[in-house]
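**Student:** Okay, handing you the structure first.
Values quoted throughout were computed directly from the atomic coordinates according to the rules given, and no laboratory measurement underlies them. Please read all numbers here as calculations on a predicted model, not as lab measurements.
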Amino acid sequence: MDERRPRSHRKARATAPPWIKWISQPQWRRKTSLAVAAAAVVAGATYAMAASSSTFQAGVPQQQVPQVPQASASPGPAGSTLTTGAGDWPTFRRSAERTGNAAGFAVHAQDVTQLAEKWSQTVGEAVTSAVSVGDSVFVGSKDHGLYSFNADTGAIKWREQTKGAVRTLPSVGAGLLVFASDDGSVYALDAVTGKERWSHAGGYGASSPLVVETAQPGDTRIYVGGSAGNIDALDTSGNVKWSAATAGAIESSPAVKADVVYVGSGDGRVHAFDARTGATKWSFLTGGPVTATPAVDHDKVYVGSNDSKLYAIDVDTGVPLWSQATKGPIRASAAVGEVEGLPGPSVFVGSSDGALYGFDATTGQLRWSPTTFNGPITSSPALGLDVLFLNANDSVLAVSPINGAILWDASLTGARDTSPALAQDKVLATAGNTIHAFALGTPVPAQAPAPASPPAAAPTPPSGCPGVPGATCPRCAGSVRPPCPSCGNTPTNGNAGTCPSAPVGP
């Protein structure tokens with residue numbers, strides 16, 4: 001399912017009137033009269049009012065969509081560019097290796113219960129998962145647009161229009177924002193202003209592009225798969241440097257490590273190509289189409305197949321090192337990396353059987369009994385130092401990579417086909433036509449110690465509170481967060497309303 005809204009899952013959507021297409025065009029195309037422009041504004045107001053009572057996706061009510069600035073035709077402030085940093089999530093699965101690993105992420109397992117929504121923003125139709133660089137967050141949408149948001153506030157910076165739905169994630173690099181559209185083209189925008197630099201048609205739309213920067217700018221490459229089975233390498237001007245063929249449509253997104261491109265294909269194979277020339281290095285045949293994206297870590301390629309198996313493949317030879325079977329096709333991509341508290345690297349992946357699996361990445365041994373959810377797992381997990389995040393059960397969840405236990409969740413209707421991103425200090429999750437940003441709550445400032453005072457008499461328990469450790473406090477029964485609003489004590493975990501110690505006063 002690889003971060004796309006499957007065609008079979010698409011819902012009917014309202015057809016935008018001509019004024020939307022007009023206003024979304026680049027400025028050089030907007031050669032129309034002032035009278036027509038004024039009419040478009042009036043028509044737009046009427047359309048927005050009519051749309052406010054409809055839905056774009058089943059179960060996802062359309063909210064009032066904010067006015068969206070169009071991509072700027074100006075080059076932006078002098079010298080401005082968007083460069084990636086250690087805390088960013090600039091592409092699908094975060095890195096060129098596509099491991100989904102953000103070990104430096106600020107939120108740890110012990111902190112997840114403090115996560116709270118910082119902001120949310122709604123657009124016209126269903127959105128992809130997010131990528132984030134610096135102060136910008138980017139998503140594509142079924143409304144044919146690519147959006148840029150302010151990472152701190154959620155305010156929309158700009159929107160660029162294409163001629164088809166944008167179902168895959170963009171990639172940021174070399175000052176460009178590169179993405180594919182269902183119109184068959186890959187687009188490159190100025191990552192700051194959203195101005196289109198170029199586009200190239202090649203049957204794209206299902207595979208998320210990858211920008212791989214090099215020390216020599218002229219050697220920077222953009223890799224993307226096409227519906228004809230092609231995997232293409234483009235330069236930063238949109239010129240095709242090489243194209244390699246597979247025998248099936250490519251919905252997988254390419255991964256790159258050490259000058260080798262790895263990608264799955266509808267022909268049931270995982271392919272490895274020389275990143276400089278496109279020459280085939282090896283291919284490995286699975287038992288079904290490979291739509292998941294490979295994750296490359298150290299000497300292994302990890303990838304799931306529609307044959308319901310997860311494979312670990314030698315990066316140099318293409319020889320399988322181990323495989324593990326699940327009970328359903330694996331369309332999500334795996335997260336790989338070291339986990340604090342576990343020996344050696346681990347690999348985590350969801351299956352269409354509704355379970356999340358954790359394996360020893362070296363041996364393939366199961367780490368813990370699979371954690372089961374309601375419905376197929378098509379979300380690819382994101383791995384922090386000691387916590388996993390993924391979308392399932394119409395929620396974004398934090399899961400322990402140590403034992404598979406659910407540590408935290410936030411309900412997001414429609415959050416199943418997309419995956420979280422861990423950027424800076426935020427968990428970015430999308431559901432339906434809305435993007436949500438979660439961050440840790442503001443910590444309570446440390447209090448100065450109170451001056452010494454004579455022992456006080458034991459306080460009188462509030463009316464109705466027994467004041468006995470372990471007894472049920474009827475006044476605070478149902479309280480789910482400390483302190484107990486009646487007696488001031490901290491309720492026993494999982495048994496709110498039980499006083500763990502004598503009361504401390506009203």
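**Student:** Mind scanning K195/K241; K118/K300; K118/K157; K241/K281; K142/K195; K118/K142 and naming the pairs with a C-alpha gap bigger than 28 Å? The partial results should precede the final answer.
**Tutor:** Values: K195/K241 24 Å; K118/K300 38 Å; K118/K157 18 Å; K241/K281 18 Å; K142/K195 20 Å; K118/K142 25 Å.
Beyond 28 Å between Cα atoms: K118/K300.
**Student:** Another one. Quick one: what are the phi-derived ³J(HN,Hα) couplings along the stretch 347-362, Karplus 6.51/-1.76/1.60 with θ = phi - 60°, whole Hz, x for glycine and proline?
**Tutor:** 10, 10, 8, x, 10, 5, 6, x, 10, 9, 10, x, 10, 5, 5, 7
**Student:** Can you list the aspartates and glutamates whose alpha carbon is less than 16 Å from that of K163, not counting same-chain residues fewer than 8 positions off?
**Tutor:** Straight-distance partners of K163: E125, D143, D182, D183, E196.
**Student:** Moving to a separate point now. Straight-line reach only, C-alpha to C-alpha below 13 angstrom: list the aspartates and glutamates that K327 could link to, leaving out same-chain residues fewer than 8 apart.
**Tutor:** Qualifying aspartates and glutamates at Cα under 13 Å: D307, D353.
**Student:** Now, a different point. When the Karplus curve 6.51 cos²θ - 1.76 cosθ + 1.60 is applied with θ = phi - 60°, which whole-Hz ³J(HN,Hα) does each residue of the stretch 113-124 get, with x for Gly and Pro?
**Tutor:** With coefficients 6.51, -1.76 and 1.60, one gets 5, 8, 5, 9, 5, 8, 7, 9, 9, 10, 10, x Hz.
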